[in-house]
Amino acid sequence: MDHSYGDPVFSHIDLIPLLTAELDFKFMNSDFLSGVIEGFYGTPWTPSERYMVLGWMQAWQLNTYLYAPKDDLKQRLLWREDYTVEEAALLKDLIDACQARGIRFVYALSPGLDIAYARDAEVDTLKRRMDQVRKLGGNHFALLFDDIPDSMREEDRVRFGSFAKAQCHVVNSLYRWIQQTSADDSRVLFCPTPYCGRMQRAGLGGDHYLEEIGTGLDSGIDVFWTGPEIISSEISVEHVESLSQTLKRQPLIWDNLHANDYDGTRFYCGPYSGRPLELRGAVRGILHNPNNEAPLNFVPWKTLSDYLRAETDWDPRVSYLGAMKTWHASFESAGSPISFEDLVLLGDCFYLPQEEGSEAAQLYIAARNWLTADVGDRQSKFETFRPLATRLRNVCAEIVNLKDRALFSALCRKTWDLREEMDLMLTCGRLMEADPNARLHSDFHLPGTYRGSMVDKLRGLLDQSEDGSFTATN
Ligand code: GDL
């Protein structure tokens, strides 16, 4: 299941006393689920990363951790296989660590890739798998049916007639069994096959899938939903209210706002945003599936916690700057110091999937104004761009000197690309400065090594326009 277990590493935890206050807010009580889903594709977190995450969660009163790494083989592909003794011991440590911090541990299984819903033995297998986790101390479970084949086996069709009914049968059977045999407060969470508005409109899972879930799934089971999209820049109250009618319960938000598993070159450290405060009253909870790189989630979770605690006013940018201020303490460099202002400039370049922070937006406009200017204006436009670009270049370069090597590892591949672009642009600017008609070239950006990947080449063949459609490039 996982890698080496060392002692818990509490890096950054010395920051926590600054952040912990006596908190007792409505959306932080334990019925309202708030917290973290380890639910991304890619390498699962290491034990020490998980301890760090749990420490932050405890400090920020996020009450639920959902164990669902897509690439723990026994969570998904090999869901029928028990954990070995060694793996079980690691899981027990994690469950204990959650309990010690007052965090609800939820264990997820994703059997949807190949489960035969009609076979009772499959339900028994799921019970056996859950029982192993229960013996380790876990008593909350999730059954996830996201990202699975949208076709049914003949035997399932004959017995149930629809995907939704087949899934209700399996999940209800497990729910009843858990209710009879577990602690009173055990929660069961369910992720439907269509789990966002776009999938619902596309009819994923078959006709009336969500209606059948609404009527067929026991009302005590929570249903996940990611919003209008898989990665939703906004989730409105109206959107979830209309869904609640269909589901006959309020949804539980699976929030992918900061997930970056779909693009290894990016990460998101912008604030939790695009969700009005009123959303909290319209859902059963908000669980956040974050950046793969655990250390990069400091600002996302701190701002999520601020959002959950906010009473009447909520300004994501203010929350972001406050969280960045605290995170800045982790950017101690063995080389030249990194200023708070430069960290914000860097953070603004890795803000949110559909949005740059204001300083990055300003830098982009300055770059565009310079490169599209008439020859006569170019120099003055370059003078606006140059100081910003130089600061950004230097802070990217300084990342290699971070004393916090876990933070360095998490950042270095992402900041490398940005530094390369700044280097190239500054080189071009200098050449143009000397001669407006100079041939632009750089000895460090040569064909093949720079932008030479197969992916880059393929990207060059299709242009995407703003409405999302593609056309072949000429
Ligand atoms: C998804 C996956 C999730 C993944 C995310 C971002 C859900 C319910 N499932 O669709 O595991 O990390 O997109 O790529 O969101």
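Things worth noting here:
- Filtered residue count, region 136-150, keeping only those that are near the ligand (Cβ under 10 Å from one of its atoms) and open to solvent by 30 Å² or more (accessible area, probe 1.4 Å): 1
- Flag for V283 being surrounded by 21 or more Cβ atoms within 10 Å (Cβ to Cβ), within 22 Å of the chain's Cα centre (by Cα) and under 27 Å from Q179 (Cβ atoms): yes
- Of the residues D261, D313, the single one that is open to solvent by 20 Å² or more (accessible area, probe 1.4 Å), in a loop (DSSP other than H, G, I, E, B) and within 16 Å of the ligand (Cβ to nearest atom) is D261.
- Filter result for A88 (open to solvent by less than 40 Å² (accessible area, probe 1.4 Å) and closer than 17 Å to I37 by Cα): no
- Considering (1) charged (D, E, K, R); (2) more than 16 Å from the ligand (Cβ to nearest atom); (3) more than 19 Å from D120 (Cβ to Cβ); (4) open to solvent by 80 Å² or more (accessible area, probe 1.4 Å), the lone condition that R157 does not fulfil carries the number (3).
- Per the listing R187, R176, R198, R249, the residue uniquely open to solvent by 10 Å² or more (accessible area, probe 1.4 Å) and within 16 Å of the ligand (Cβ to nearest atom) is R198.
- Residue that is in contact with a helix residue (DSSP H, G or I) (Cβ under 7 Å, 6 or more places away or on another chain) and either in the same structural domain as D404 (by TED's automatic domain parsing) or over 22 Å from N256 (Cβ atoms) (or both), where the choices are A282, A294, A323, A329: A329
- Any hit, region 404-411, residues being part of a helix (DSSP H, G or I), open to solvent by 60 Å² or more (accessible area, probe 1.4 Å) and touching a helix residue (DSSP H, G or I) at 6+ places or on another chain (Cβ under 6 Å): no
- Some residue of region 270-279 being of a type outside the set (S, T, Y), open to solvent by less than 10 Å² (accessible area, probe 1.4 Å), more than 14 Å from the ligand (Cβ to nearest atom) and in a helix (DSSP H, G or I): yes
- When restricted to residues that are over 32 Å from the mean Cα position of the chain (by Cα) and either over 15 Å from A116 (Cβ atoms) or part of a loop (DSSP other than H, G, I, E, B) (or both), region 154-166 contains 1.
- Search result, residues across region 91-101 that are open to solvent by less than 60 Å² (accessible area, probe 1.4 Å) and not charged (D, E, K, R): L91, L94, I95, A97, C98
- Looking only at residues in region 229-242 that are open to solvent by 40 Å² or more (accessible area, probe 1.4 Å) and closer than 14 Å to P194 by Cα, the one that is farthest from the ligand (Cβ to nearest atom) is E229.
- Candidate set from region 373-395 (those that are over 36 Å from the mean Cα position of the chain (by Cα) and free of Cβ contacts under 8 Å to residues at least 24 places away in the same chain); member that is surrounded by the most Cβ atoms within 10 Å (Cβ to Cβ): K381
- Complete set of residues in region 280-298 that are in a strand (DSSP E or B) and among the hydrophobic types (A, V, I, L, M, F, W, C): I286, L287
- Enumeration of residues in region 323-343 that are small (G, A, S), surrounded by fewer than 17 Cβ atoms within 10 Å (Cβ to Cβ) and in a helix (DSSP H, G or I): A329
- Selection of first residues in region 308-322 that are in contact (Cβ under 8 Å) with a residue 24 or more places away in the chain and of second residues that are buried (at least 17 other Cβ atoms within 10 Å of the Cβ) and small (G, A, S), restricted to Cβ pairs under 7 Å at least 6 apart or on distinct chains, gives the following pairs, ordered by first then second residue: L308/S34; P316/S273; Y320/G270.
- For region 174-204, residues that are assigned to a helix (DSSP H, G or I) and more than 21 Å from L113 (Cβ to Cβ) total 11.
- Those residues of region 37-51 which are closer than 26 Å to W225 by Cα, open to solvent by 10 Å² or more (accessible area, probe 1.4 Å) and among the aromatic types (F, W, Y), in sequence order: Y41
- Filter result for the condition that a residue is among the β-branched types (V, I, T), part of a strand (DSSP E or B) and open to solvent by less than 20 Å² (accessible area, probe 1.4 Å), over V133, V223: V223
The values are calculated or read from the model by the stated rules, or taken from the named source; none is laboratory data. It should be emphasised that the depicted structure is a prediction, and the values quoted were computed from it without experimental measurement. Heads up, the Cβs are rebuilt from the backbone with ideal geometry, glycines too, and the neighbour counts pull from every protein chain shown. We work out accessible area using only protein heavy atoms, side chains counted, and drop any ligands, DNA or RNA first. Shrake-Rupley method; radii C 1.70, N 1.55, O 1.52, S 1.80 Å.
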